[in-house]
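The values are calculated or read from the model by the stated rules, or taken from the named source; none is laboratory data. These numbers were taken from a predicted model, which means no experiment stands behind them. Heads up, the Cβs are rebuilt from the backbone with ideal geometry, glycines too, and the neighbour counts pull from every protein chain shown. For accessibility, only protein heavy atoms count, side chains too; no ligands or nucleic acids. Shrake-Rupley method; radii C 1.70, N 1.55, O 1.52, S 1.80 Å.
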Amino acid sequence: TGGFPSSHSAFVTSLLIVVARKTGFDSVEFTIAFVFASIVLYDAMSSRKAIGDQAKILNRLQKREHLREQLGHSFTEVIAGVVFGAVVTWIGILLS
């Protein structure tokens, strides 16, 4: 959870590329993979980041840190995960 690059983003990007190559962009499978990837990318940047921001506030109010604060990803971490996933997947495709 958190970190550079986002492994979740890399995974769903790889999945999206593989599904597109196997079934095409106009397939039901690609649409499902696209919606899944969109949800994962949105969750990585916003939902989980908001929970981490709330944990920071709660830790300050409690005067101690016992809640994990780094839960989500920044935009840069997500983009880096997308790029990493795409590059590794294309290298794998080209080598196979």
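For a Förster distance of 25 Å, can you work out the FRET efficiency between the beta-carbons of ALA20 and ALA50, rounded to the nearest 0.05?
For ALA20 and ALA50, the calculated efficiency is 0.20.
What FRET efficiency would be calculated for the residue pair VAL35, ILE79, taking the C-beta separation as r and a Förster radius of 25 Å, to the nearest 0.05?
With R0 = 25 Å, the Cβ-Cβ based efficiency is 0.80.
Only one of the values [x] -0.61, -1.46; [y] -0.78, -1.30; [z] -0.63, -1.15 was calculated from this structure for log10 I(q)/I(0) by the Debye sum over Cα atoms at q = 0.15, 0.25 Å⁻¹; name its label.
[z]
Kindly provide the helix-only [θ] at 222 nm of the chain, computed as the sum of -39,500 (n - 2.57) over DSSP H runs of four or more divided by all residues, to the nearest 500 deg cm²/dmol? It would help to have the intermediate numbers written out before the result.
Working: 4 runs with 68 residues, N = 96.
Helix contribution divided over all residues of the chain: -23500 deg cm²/dmol.
Compute, for HIS8, the solvent-accessible surface of its heavy atoms (probe 1.4 Å) with the complete set of protein chains present, and express it in square angstrom to the nearest 10.
Accessible surface of HIS8 is approximately 80 Å².
Within the accessible area of the chain, what % is carbon and sulfur when the probe is 1.4 Å and the other protein chains stay in place?
Whole-percent figure for carbon plus sulfur exposure: 68.
Using a 1.4 angstrom probe on the protein heavy atoms only, line up ILE79, ILE17 by accessible area, largest first.
Output order, biggest surface exposure first: ILE79, ILE17.
Test of the criteria: in the stretch 25-65, which trypsin sites (Lys or Arg not before Pro) are in a DSSP loop and have at most 12 other Cβ atoms within 10 angstrom of their Cβ?
LYS63, ARG64
ASP26 accessible area, nearest 10 Å², 1.4 Å probe?
140
Taking 0.36 nm per residue of sequence separation and subtracting the Cα-Cα distance, how much length would be gained by fully extending the chain between VAL87 and ASP43, in nm to one decimal?
Going from the current span to full extension adds 13.6 nm.
When the chain is fully extended, how far beyond the present Cα-Cα distance does LEU95 get from PHE11, taking 0.36 nm per residue of separation?
That works out to 28.4 nm of additional length.
Given the whole protein assembly as supplied and a 1.4 Å probe, what does the accessible area of SER7 come to in Å², nearest 10?
The accessible area comes out at roughly 80 Å².
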